[in-house]
Amino acid sequence: MLVRDIMSSPALTVTADTHIPEVARLLRAHQISGMPVLDANGALLGIVTDHDLILRNAPVREPRYFAILSGYIPLNLEEHRHYKEQLRHTMAVTAGDMTEPDVPVVAPDTPLEHAMELMLDPSVTMLPVLEGDAVIGVVTRTDLVRLIEKLEGALDPEAAAESAEEEPVLAGMLEVILYVQNMGAMVAFYRDKLGLEIEGPADLDDYSGESWVLFDAGATKLALHSGGQGRTGEDTPMIVFAVADVAASRAVLVERGVEFGEPFEAAPGITVAHGKDAEGNPIALEARSL
């Protein structure tokens, strides 16, 4: 799974000259913990967070010093660093004055595992997503928790059942078994055109047949099976892939030769595009902005 699969896009941003009361209002109004800060040309300067606002308004504590000759040396370098940082925030007037520079960033195609590793650092609460020099989204801890909640729910049959009742249109399944007639063509389709990774032969002893191939599609596990008594054509379950932007993902896949209809709004906040794989089985792209 890639960063583009879970990022929040478009990102809410502010410019360096945005005044701090407006920064606070935006954070509260949108219930977010931080935002990227851009310069006049739209390039990323850093981020501003709720921690910056709290630091700006917290009591200032002077570090301890000891006198030496005609000067002073801090007893604790960390206290001294924190004091200087707090003074910078206290005197700040705009977002640019208290922006945290040199923040880690990711690209849309960055593996999600790498983003998680970066956010193991307690100081990293947000990762701006850059495409070239443009900020096209952000990954936050909330995005990761939402993904974990979905995965945990998929592994829990009771939670999955409750989720199915609440959300009739699911964004994916833990495992989809697809019976195919031409294994070579179907493997090439899902590997080369949809970009899924082959995880290995599926260890499914409950099913008889000639061969199995299991693909890793993030929260979705797709098993292709040739042989045996299976369902094909219209009786095959539709495989739904969750994407950040249906139109953008559809454009890439259509360019690769995948057949897709025009995107449409299936329900408020849910955009869908229907397509077909190499054997005419139904597939779909779905994006949610709920």
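Values as computed for the structure displayed
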quantity: Residues I136, I54, I47, sorted so that the one with the fewest Cβ neighbours within 10 Å comes first; calculated: I54, I136, I47
quantity: Built amide H within the under 5 Å cut-off of L45, gap 5+; calculated: V37, L38, D39
quantity: Gained length - E113 relative to L144, 0.36 nm times residue gap less alpha-carbon distance; calculated: 10.1 nm
quantity: 5 angstrom amide H check on G137, placed H, neighbours 5+ away; calculated: A11, V129
quantity: Amide H within-cut-off set for E199, under 5 Å, with H built and near neighbours excluded; calculated: L214, F215, D216
quantity: Note, ³J(HN,Hα) from phi for the stretch 245-254, Karplus 6.51, -1.76, 1.60, rounded to Hz, x at Gly and Pro; calculated: 9, 4, 4, 5, 5, 4, 4, 5, 6, 4
quantity: Around H19: net Lys/Arg minus Asp/Glu count, Cβ-Cβ under 11 Å; calculated: -2
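Values quoted throughout were computed directly from the atomic coordinates according to the rules given, and no laboratory measurement underlies them. From a predicted model like this one, the values you see are computed outputs, not experimental measurements. Quick reminder, even Gly has a Cβ in these numbers, built from the backbone with ideal geometry, and neighbours come from all protein chains shown.
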